[in-house]
Amino acid sequence: EPEVTQTPSHQVTQMGQEVILRCVPISNHLYFYWYRQILGQKVEFLVSFYNNEISEKSEIFDDQFSVERPDGSNFTLKIRSTKLEDSAMYFCASSGAAEWVSNQPQHFGDGTRLSIL
Amino acid sequence: KQEVTQIPAALSVPEGENLVLNCSFTDSAIYNLQWFRQDPGKGLTSLLLIQSSQREQTSGRLNASLDKSSGRSTLYIAASQPGDSATYLCAGFSGSRLTFGEGTQLTVNP
């Protein structure tokens, strides 16, 4: 069964450094997402992306964050200047085409654990 | 703002038991609802998507129901097995975003 793959599985970075998290969504999917889960807390929505632009973003997704689909297969999340509170598991997800985006299930990768020192 | 709540937070049952996990949401504008399982240190595995026009959705031993008027969804697991042990999350769609509950940690004892 097709999967969403994320690399790396664990990233350790010094505070203030830039980090790029990478995802390969399921190949025929058109909608892409990033979520995060701080240890012991709920999974939180960050951003959705469709047709090469952001569809929705949460209040968490401030100017420090950006997303990009640099080629036909990858989807990246960049954090420009990391803070201690950015430490979390970051999940990429994708979903297929539908008249309503919510009519298709979102499929998640295994996540990247980001640790900021 | 959408809020999703799951009860109970943890549940421990003997193997073979049928069980129900509960999810409630505050915003009736929720379109659809998706149930996931999460194994420790792993990602989220999609179990069922139930659309607002549906009342039930079934996959194998799993059955999910959705009642928008009361703001509730349930996940029924029949004949539970130790391999079902995981955290179960419900999430409601608002537009393209999913809003998640805290999850129910299920342990099925052999």
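The values are calculated or read from the model by the stated rules, or taken from the named source; none is laboratory data. These numbers come from a predicted model, not from an experiment. Positions of Cβ are backbone-derived with ideal geometry, glycine not excepted, and every protein chain shown enters the neighbour counts. Only protein heavy atoms, including side chains, enter the accessible area calculation; ligands, DNA and RNA are left aside. Shrake-Rupley method; radii C 1.70, N 1.55, O 1.52, S 1.80 Å.
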Query raised in the report: Among (1) within 14 Å of another protein chain (Cβ to nearest Cβ); (2) touching a residue at least 40 places away in the same chain (Cβ under 8 Å), which single condition is A:Ser87 missing?
Result: (1)
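Go through region B:23-40 residue by residue and tally those that are more than 14 Å from B:Ala91 (Cβ to Cβ) and open to solvent by less than 60 Å² (accessible area, probe 1.4 Å). Please lay out each step first, then the result.
Within region B:23-40, the subset more than 14 Å from B:Ala91 (Cβ to Cβ) is B:28-29, B:39-40.
Cutting the leftovers down to open to solvent by less than 60 Å² (accessible area, probe 1.4 Å) gives us B:29, B:39.
Residues in region B:23-40 being more than 14 Å from B:Ala91 (Cβ to Cβ) and open to solvent by less than 60 Å² (accessible area, probe 1.4 Å): 2 in total.
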Query raised in the report: Can you name every residue in region A:90-117 that is within 10 Å of another protein chain (Cβ to nearest Cβ) and of a type in the set (Asp, Glu)?
Result: A:Asp110
Requested in this report: Would you check if there is a residue in region B:90-109 being surrounded by fewer than 17 Cβ atoms within 10 Å (Cβ to Cβ), within 14 Å of chain A (Cβ to nearest Cβ) and either in a loop (DSSP other than H, G, I, E, B) or modelled with pLDDT under 95 (or both)?
Outcome: yes
Query raised in the report: Which condition number in (1) closer than 26 Å to A:Cys92 by Cα; (2) surrounded by fewer than 17 Cβ atoms within 10 Å (Cβ to Cβ); (3) touching a residue at least 24 places away in the same chain (Cβ under 8 Å); (4) in contact with a Lys or Arg (Cβ under 6 Å, 6 or more places away or on another chain) is the one that B:Thr45 fails?
Result: (3)
